[in-house]
Structures are given as structure tokens and as C-alpha cells.
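Remarks on the structure that follows.
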Amino acid sequence: MAPVLCNSLKDRASLLGLGWTITSVFSLLALVTATIMSAMSYSYYVQMASFDREGDVNNDKEGEHNNNDANEMYKSLASAGSFSVIFVGLYTMLLAGTLSCFGGFCVVGFVAPNGKYIKPFWTGTGSSNVSSKNLGIFLGALVLFSNLCLVIAVVLGEFQVGNYFGDRENEENSEYFAIERTATLIGTMSMFLSVVYALYSILLFTLKEVLLESEKEQEFAGLGYMAPLGALA
């Protein structure tokens, strides 16, 4: 891991590429984790709804009635849905993917698993330096997306389905709806993404000049000021 990082951090441009690669990987992991855990939560309720519960040893009518009530409850917990929550999750995934592609291909580039820095392909200038238009769009999108994720995290953190089983607070064995667990997962994921994208936007704003300079200008800046030959005479 250390040699890969050493090969990646040759200059400030490669640092931005490495930071964006890490940000994109973290975003992908967060989205995949939230999706898998939501699917597992829904599967749990479906299994509980089809589970054959025994009332007592004699399997009397009262036990059968309790079994049916429990099955119906879990079916309701699994079937209750919210289009807005699903839309927010899918829209967040779409925006994160779009930002990842635009940033990697048009602004800061990526770092390959072998540590090689891959420069952006479409910089908007026809050269290695990035156009101010691309940089401005990308930096603004990062700030907006970070704030959007923060708002989503706050809103979904209070999401709750109206409980038609009675007052939930007075029920000791109450269960959360599957969609409520999904909303909680999306909210947690959004808070994580908000922090990650905010940190990268600060890094990008700090080092933005390196993307606007050509390679020759960067080499000249690294050598420092050299007086003209005539001035030494």
C-alpha cells in the first residue's frame, strides 16, 4: 500500500486524483452497503411473515389466531412503502455516479490500483490544464451535493410511518417498518457522503490553481525565479 501511495503522490495534481479516487470508492461502498442492508431488512420481514409460529402444544384455535395475527403484522411491516424514500436513494446514487465520472474524466483524474495517476481526458482546453469552466462546475456541484446529502440525512432521520397497529410507544414488542429501516440507512449514508464530499471540496479549493496551470508552468514554478541572462551582465 505504501509504495502505491508514494508512486501516486508525485505532485499536487496526483494528490487531487488520489483524493477523488478514495472519495469515489467510499461513496460506492456506502451505496452498496445501504442497498444490501435494506434488502436484508426487507427479506427478514418477508421471512417472519411466512414463518409458522406455534401457539401452544395442542395448537388450539387461540394459538392459530395469534399465529395469523403475527403473520399479518409482518406482512404489513414489509409491504408499507414510500416512493419518496426510494426516489431519494436512487437519485443520490445517480448524482454520486455522475459526479464521480465528471470529476475523473474532466477535472482531476483518477489513480489506478497500481498507483499510476491517470489524467483527465476531456479538460475543455485541449491540453493538460483544466478549463476554469469545468473546475467551477465541479467545485460548485461538490458543495451543492454535500449540502443536499446533509439535508437528506436530517429529513430521513425523522422519517416514521403512521402506525396503524396502535400507539407504538405503548407497545413493548413493536417492530419498525422495513421502509423506516431503509430511510435510516439512507440517512446515515447521506451524512457520511456529506462529510466526505465536504472534505474533498475543501482540498480541491485549496489546490485548484494546479489544475489551471500547464505542465510547463508547474515546472517553472517548482524551479523558482531565474533572472534573465542580460540582467547578470
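The values are calculated or read from the model by the stated rules, or taken from the named source; none is laboratory data. Treat the numbers as computed from the prediction; the structure is a model and nothing was measured. Quick reminder, even Gly has a Cβ in these numbers, built from the backbone with ideal geometry, and neighbours come from all protein chains shown. These area figures cover heavy atoms from the full protein model, side chains too; ligands, DNA and RNA do not enter into them. Shrake-Rupley method; radii C 1.70, N 1.55, O 1.52, S 1.80 Å.
Tabulated data for the structure shown
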{"read-out": "The stretch 82-141 - percent of accessible surface contributed by carbon and sulfur, probe 1.4 Å", "value": "74 percent"}
{"read-out": "Accessible surface of VAL25 - all protein chains present, 1.4 Å probe, nearest 10 Å²", "value": "70 Å²"}
{"read-out": "Built amide H within the under 5 Å cut-off of VAL111, gap 5+", "value": "THR21, ILE118"}
{"read-out": "Residues VAL25 and ILE202, FRET efficiency given R0 of 25 Å [Cβ-Cβ distance, rounded to 0.05]", "value": "0.85"}
{"read-out": "Karplus-derived HN-Hα couplings along the stretch 104-120 (A = 6.51, B = -1.76, C = 1.60, θ = phi - 60°), whole Hz, x at Gly and Pro", "value": "x, 8, 10, 10, 10, x, 10, 10, 6, x, 7, x, 7, 7, 9, 6, x"}
{"read-out": "Per-peptide average of other Cβ atoms within 10 Å, ordering 148-159, 177-188 highest first", "value": "177-188, 148-159"}
